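The structure appears below as C-alpha cells.
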Amino acid sequence: MEKTQTESSPVVIQSVQSDGVFNAGIILTETNYDVWFQIMEMHLVKREKLSYIRSSTKSSEESSKEYEKWYTYEIWDALSKAFYDGSDELQVFTLNQKAFSTKQNGQPLSKFYGELIEIFRELDHRDKVVMKDPEDVVIYRRSVERLRVHIFLAGLDEEFNQVRGEILRKEIISDLEECYSLIRREDARQSKLNKKVDSETSAMIARQQPQRKFVDKSSLHCTHCKKNGHTKEHCFEIIGYPDWWDTRKKNTKHESKTAVAESTSTTDLRKESLVQIATSVSSVPFMVVHSDVWGPSKVSTIGGARCNNNGIPKNFPVGGMLPHLLLNVHRIHDYSTEVLEKTQCTFLFKGPWFANMDILATVDPANVHHIMSSNFSNFPKGPEFKRIFDILGDGIFNSDSDLWKNQRRFAQALMNRHSFYKFLVKSNQAKLEKGLIPILDHMSKQGTTVDLQDLFQRFTFDSTSLFVTGYDPGCLSIEFPKVRFLMALEDVEESIFYRHVVPESLWKLQRWLGIGEEKKLKKAKETLDSVIFELIQRKRREINEEILSKEIDGVDLLASYMHENKTIMGELKCADDNFLRDTVLNFMIAGRDTTSSALTWFFWLISKNPKAETKIREELTSIVPAEKLGKWWDFDTQKLNQLVYLHGALCEALRLYPPVPFQHKVPLVPHTLPSGHRAVPRTKILFSLYAMGRMKSIWGEDCLEFRPERWISESGGIKWEPSYKFFSFNAGPRTCLGKEVAFTQMKAVAAGVIHNYDIQVVEGQRPGPNVSIILYMKHGLKVRVHDRWAK
Ligand code: HEM
C-alpha cells in the first residue's frame, strides 16, 4: 500500500500491485471511512489478502511475509484510529459542517441537490435519536426536514432568491423533495427565458427570410372524427385535448388552426420537462443519446394511434381500443411498455363509447411528480378506486383526504417506534433461522426441487402476520401446509385485476349473477373475513385477560390499534372490529405480497447474472469475521444496511419488476399535465410502474440490463434516485410506509441465502409475470439448493 497526500483529501490509499497501480475507486476522506473501509475490504477479499489486515502478530524477521502482514495491519489499525470515531460524533459534526457549507456556486441544480442528499443520508444513518412517544417521532422528523429545507434553500444561487422567498412565506413549508421540484421548475423557466434571449439574434435573421405562407385548412378532413379543418394527424381525439379546449370547443374554425400549434407547444413543454428531469437525475448524457426520439416525425404521435399504427392500438368506432387490451391482457405489462415506449411515455387509451373506460396511461416522470407530489390534493385515488378495491374497506390503501391522513399519521408513528423496529428485526431473524434455513437445508440434503416463490410467500406471510397481528401462522414449515388465507389473497388479487380491464357494468353484472371472477372474489372475501375476525376476537380476549406479555403488548399493529381506542375519522374507531379488519387486511397485502414478489424476481435475476452474484458474495464476505470465513454465517441486520452493492442489486430488481406494477389516480377538476395531456375527472390516470422501469428515455439504452452499478455513486455510496423516476415505492405524500421494513427483510433473506447456499434455477423455465395487481411469477420459480459449506 502506498500513502500520498493531496490538498482536498488528506489521505489517498492506493494498493500497488506488481502490474501497476490499482485504483480502489474511492478516496478516503474525513467522512467516508465506513464506505471506504467496506470497499477496501471487498477488494482485499477478492485478492485473498484479508489476512493482511487481520494479522496482529509481529514477526521478528523483517523480510518475512508475516512481518509484511503485521506491518499492513498496523497501518490499517492506525487509519481506523484516525478516521473512525466509535461514537460517530466527529463524523456527525463533519457531515453537519459539510451540509451547512455546501453551496450551489454555479453548479447544475441537480448536482448541488444530489450532494446534499448524500450528506443527509449519511446523517440519517448515524442518527441515534430514540423516541418512545409516536407523536414526538413525527415532530422530530418534521423538524429535521425543516432544517434540511433551510440548508438547501440557503445554498442556492442568487437567481433563486425570489422563489426561495415564496417558499418560505408559505404557511406550511414543503418537504425537501417538493422544495427541490419547485426550484427545479424555476430553473427550467429561467433557462427557457435565457434561450429566448439567445434566439433574438437568430430571429432578426429569420425576419429577413420570406414569411411562412398561410395555409388554408378549410379543405382538410379528418378520417377519424369526420370533422373538417384538420387531418387525422392533428386530431385532438387522438393526440389529446389542449388546456383551453373546454372553453373554446364550440369554435371549430379556431380549432383547425390552433391544433397544430398547440400540439407542438405541448410537446415542447413535455420535451422540456423530460430534458430537465433527465439532466437533473442523471449524470449520463441522457438527451444526447435520445435526441432523435424528439425528432419531428415522432413528436406528433403523443397520446395517440396515428402515424404508423405499428403496435399502437387502433381506436374502433364502438369498442374503442378495448379489443387490443383484451387480446394482450395475458402480457399486459410488456404490452403497455411497448405502447408507452412508442408514444413517448404517455398514451390515451380509448375505452368503448358506452363504458366510461378512457385511461390516460403515463410513465412520464414530470407527470408522476406533478400528480403524486406537487398537485397531490387534486389527484385522489377517487371513488372508482374504492369501488374496484371494495374488499379493502376503509383501510389506508383505499382512503383519501382526512381518513387517509389520520390513518397514515397513526401507522407511521407506530412503525417509527424503536420497539417496533426491534421486534421486526428479532422476528425476522427468528423466521429466517427457524423457518427458511431448515427448509433450505432439508432441500439441499434431499436434492429435491422447491418453488422459491412459494417459500418466500410463506416467509413474508408469517413475518408480516407477526408484526401486524402478533400471531405466527406457521405456514413456513417443511410440511408446506395449505393455508386458505394465502390462497384467498391470491384469488382476490387476480379478481381485482380483472375489474381493471373489463367495463364496470360488466363486473357488476357478474357480481350480481355470482359468476366468474366475481364468484371467486366473494368466496375469497368470506375466507379472509372469517380468519381476520377470529384473530381480532382472540387478541381482544388476550388483552382483556391480560395474557399478552408486556414485551409484545403494543408492538404488533393490531394490539397497538386496540390500545389506542381513538377516533380516526368520524365514526371509525381504532377499536372498531370492521376498521381493525380493514387495517389488518391492508397491511397483510402491503407487507406480504410485495416483499415476496421482489425477492423472487431478485433471485431469478441473480441466477441470470453470475457476476452480480459474485460481487454480492464478495461484499458479504467483507463483513464476515475472519475466523468464520468458509463457514455458515448468520448476518447482523445492522451491518447489512451498510452494504452498497447488495442495496443496488435489490433496487435494480425492484426497478425491473416492481411488485406493484401499476397504480391509478383521478383528477378532481380538469387539469393539463406537464406532458400537455388534458385530464378531466372522468379520465382515469394510470401509471405503469413496470413500464416506467423499462423506458430508455428514463433509464438509458441499457434499461433492460440488470446492472446494480447503476445505483452506486461516484464516491462509492448509494446513488439517490428521485421517487418520480424510481417509482416502485410510490412518490409524494403516499410513499410506501414499509420501505425500510421491506429492505430489512429482503437484505436479511438475500444475504443469508446467497452467502450460505447455491441456488440453481431448474432449466427450461421461462418466468413471466402473472396477471394480477401484484407482480408474481406466473408459474413460480423452481430451484435446487446446495449448501455451500457442506463437507
Ligand atoms: C418491496 C416491498 C414493497 C414495495 C415495492 C411497496 C410498494 C408500495 C407502493 C407502490 C405503494 C403505493 C400503493 C398505492 O397507493 O396504491 C405502497 C403503499 C404502502 N405500503 Fe408498501 N411496498 C412494499 C412493502 C411494504 C411493507 C413491508 C409494508 C408494511 C409494513 C408496506 C406498507 C405500505 C402502506 C401502509 C402503504 C400505503 C401508504 C399510503 O397510502 O399512505 N409496504 N407500497
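Taken together, the values in this text are just the output of simple stated rules run on the coordinates, not laboratory data. All figures in this text were calculated on a predicted structure; none of them were measured in a lab. Using ideal geometry, Cβ is built from the backbone for each residue, glycine included, and neighbour counts are taken over all protein chains shown.
Summary of computed values
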quantity	calculated
Approximate shape of region 669-781 as ellipsoid semi-axes (Cα gyration tensor, √5λ), whole Å, largest first	31, 20, 16
Linear extension gain, D702 paired with R540, 0.36 nm per residue minus alpha-carbon span	53.0 nm
Per-residue ³J(HN,Hα) for region 431-440, Karplus 6.51 cos²θ - 1.76 cosθ + 1.60, θ = phi - 60°, Hz, x for Gly and Pro	5, 5, 6, 9, x, 5, 4, x, 5, 5
Mean Cβ count within 10 Å, highest first, over the residues of peptides 687-693, 421-427, 555-561, 333-339	687-693, 555-561, 333-339, 421-427
Tail fraction, Cα-Cα pairs, region 307-441, threshold 27 Å, whole percent	49
Per-selection metrics, region 445-549 (Cα): Rg and Dmax in Å	17.6, 54
When region 391-787 is reduced to its Cα atoms, the Kirkwood hydrodynamic radius in Å	22.5
Among the listed pairs K665/K747; K725/K747; K426/K778; K482/K782; K525/K747; K314/K684, those beyond 26 Å (Cα-Cα)	K665/K747; K426/K778; K525/K747
Hydrodynamic radius of region 383-423 per Kirkwood, over alpha carbon pairs, in Å	11.3
Cβ-defined net charge surrounding G447, 14 Å radius [Lys, Arg +1; Asp, Glu -1]	0
Interchain or long-range residues, amide H under 5 Å from Y757's placed H	R788
Alpha-carbon spread of region 89-189, three principal axes, descending order, Å	45, 32, 15
For I718, distant residues with modelled amide H under 5 Å away	S713
For region 483-496, Karplus couplings with θ = phi - 60° (6.51, -1.76, 1.60), whole Hz, Gly/Pro x	10, 5, 4, 5, 5, 5, 4, 5, 4, 4, 5, 6, 5, 5
Length gained when the stretch S713-H330 is fully extended (0.36 nm per residue, less Cα-Cα span)	134.1 nm
Packing-based ranking, highest mean first, of 696-708, 658-670, 66-78 given that Cβ atoms within 10 Å are counted	658-670, 696-708, 66-78
Percent RCO, i.e. relative contact order, over region 682-781, from Cα pairs under 8 Å lying at least 6 residues apart	12
Förster radius 25 Å - calculated FRET efficiency between E763 and K791 (Cβ-Cβ, nearest 0.05)	0.35
